[in-house]
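A short worksheet on the structure shown next.
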Amino acid sequence: MINRTRRLRKTENIRRLVRENKLTIDDLIYPLFIEEGINIETEIVSMPGIKRFSLDTISKELDEVVALDIPAVLLFGIPSKKDETGSETWNDDGIMQKAVRFIKKNYPSLYVITDVCFCEYTSHGHCGIIHDNDVDNDATLPNIAKQVISHAKAGVDMVAPSGMMDGMIDTIRQALDNTGFPNIPIMSYAVKYSSAFYGPFRDAADSAPTFGDRRTYQMDPANRDEGLREATFDDQEGADILMVKPALAYLDIIRDLKNNFDRPIACYNVSGEYAMIKAAAAKGWIDEERVMMESLLSMKRAGADIIITYFAKDVAKVLLKK
Ligand code: PBG
Ligand code: ZN
């Protein structure tokens, strides 16, 4: 036998030398749910270990994130009042804006990214303005611009639009450039599927639609070529980072983007992916640490440069003890 692949697997040190991919703390973004109000620290039942915080209780969470050297957080705001348009999203004194100011003031080195959408802020739970029982794409764009400018004025480092409106990247780029924020980058939820894996998040963020679903704006899970088309448009409109969401069931799409675009690729390890591992581990059916590390490593192997994950603190703890 000439070829024996087992020769390079014999000891841990030779395995280290030929290892192709590595998961590091540098890859991670940690999502945070911030609720308007005081003294809030609510466990999310379907996401063990993840809580909604108000700004007066969030410091110990942020202290931990910084101590673990996690580079960035992705913020989701949960307002105390909702309306038809989600007008709280562009209130300069809204929960998101207050959160950005609080974090940048008290944790200046932490990189702060805001999710730009409306579903937590609209009474109907959809990601934009409703006309004729559907989200009106073009009517929603000016509101996205208002929201982004308000986040920028609060001091955000990067914005991440997640609503899957056509033309949203172009709208945001122009809005930022025309108001003196040409250096704020955009991480686009470019290839976002209409997925059942978002279930626990919708409890966490109180963002489930009150009628219908998101299939007229989020992608059909059956489609692969369309993912390239979505990413092409966002690339052309100037998105700085292209994201695929969810991650684990869409590793083929992550690889497609890695092979076709000269932009950093991010993926979102979503709430349902997190919940499944936590639940099986709680039953003693899988080894939580190993399944978590293997899943996240598979995203790196697929081509992700950045992973948004509720496991960020858990992973950082594992990596630091190694
Ligand atoms: C909403 C939004 C969703 C997530 C991030 N932003 C859910 C949705 O589209 O309903 C999902 C995150 C997760 O499941 O962890 N624009
Ligand atoms: Zn939304």
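Quick notes
- Those residues of the stretch 199-217 which are closer than 16 Å to Leu75 by Cα and open to solvent by less than 40 Å² (accessible area, probe 1.4 Å), in sequence order: Phe201, Ala204, Ala205, Ser207
- In the stretch 181-188, the count of residues that are under 23 Å from Met158 (Cα atoms), in contact with a strand residue (DSSP E or B) (Cβ under 9 Å, 6 or more places away or on another chain), of a type in the set (Gly, Ala, Ser) and within 16 Å of ligand 1 (Cβ to nearest atom) is one or more.
- All of Leu257, Leu251 fail the test of being out of contact with any Phe, Trp or Tyr (no Cβ under 7 Å at 6 or more places or on another chain), open to solvent by 10 Å² or more (accessible area, probe 1.4 Å), at pLDDT 95 or above and not acidic (Asp, Glu), apart from Leu251.
- Of the residues making up the stretch 113-127, just one is within 11 Å of Thr140 (Cβ to Cβ) and either hydroxyl-bearing (Ser, Thr, Tyr) or more than 11 Å from ligand 2 (Cβ to nearest atom) (or both), namely Thr122.
- Within the stretch 54-65, none of the residues are touching a residue at least 40 places away in the same chain (Cβ under 8 Å) and part of a strand (DSSP E or B).
- Tyr274 being within 16 Å of ligand 1 (Cβ to nearest atom), open to solvent by 10 Å² or more (accessible area, probe 1.4 Å) and in contact with a Phe, Trp or Tyr (Cβ under 9 Å, 6 or more places away or on another chain): no
- Here the stretch 63-98 is the region considered, the condition is being open to solvent by less than 10 Å² (accessible area, probe 1.4 Å) and away from ligand 1 (no atom under 16 Å from the Cβ), and the residue that is nearest to the chain's Cα centre (by Cα) is Ile70.
- Among the residues of the stretch 68-88, those that are farther than 20 Å from Ile308 by Cβ and either part of a strand (DSSP E or B) or not charged (D, E, K, R) (or both) comprise Pro79, Ser80, Asp83, Thr85, Gly86, Ser87.
- Scanning the stretch 107-138 for residues that are aliphatic (A, V, I, L, M) and part of a loop (DSSP other than H, G, I, E, B) yields Leu110, Ile129.
- Conditions (1) over 21 Å from Tyr30 (Cα atoms); (2) more than 15 Å from ligand 1 (Cβ to nearest atom); (3) in contact with an Asp or Glu (Cβ under 6 Å, 6 or more places away or on another chain); number of the one not met by Arg173: (3)
- Pick from the stretch 235-246, criterion within 10 Å of Ser188 (Cα to Cα) and part of a loop (DSSP other than H, G, I, E, B), ranking: most open to solvent (accessible area, probe 1.4 Å): Asp240
- Candidates Ala249, Ala266, Ala281 - the one that is assigned to a helix (DSSP H, G or I) and within 16 Å of ligand 1 (Cβ to nearest atom): Ala249
The values are calculated or read from the model by the stated rules, or taken from the named source; none is laboratory data. Computed from a predicted model, the values in this text were never measured in an experiment. Cβ sites come from the backbone with ideal geometry, for glycine too, and all protein chains shown count toward neighbours. Remember, those area values only see protein heavy atoms, side chains included, never the ligands or the DNA or RNA. Shrake-Rupley method; radii C 1.70, N 1.55, O 1.52, S 1.80 Å.
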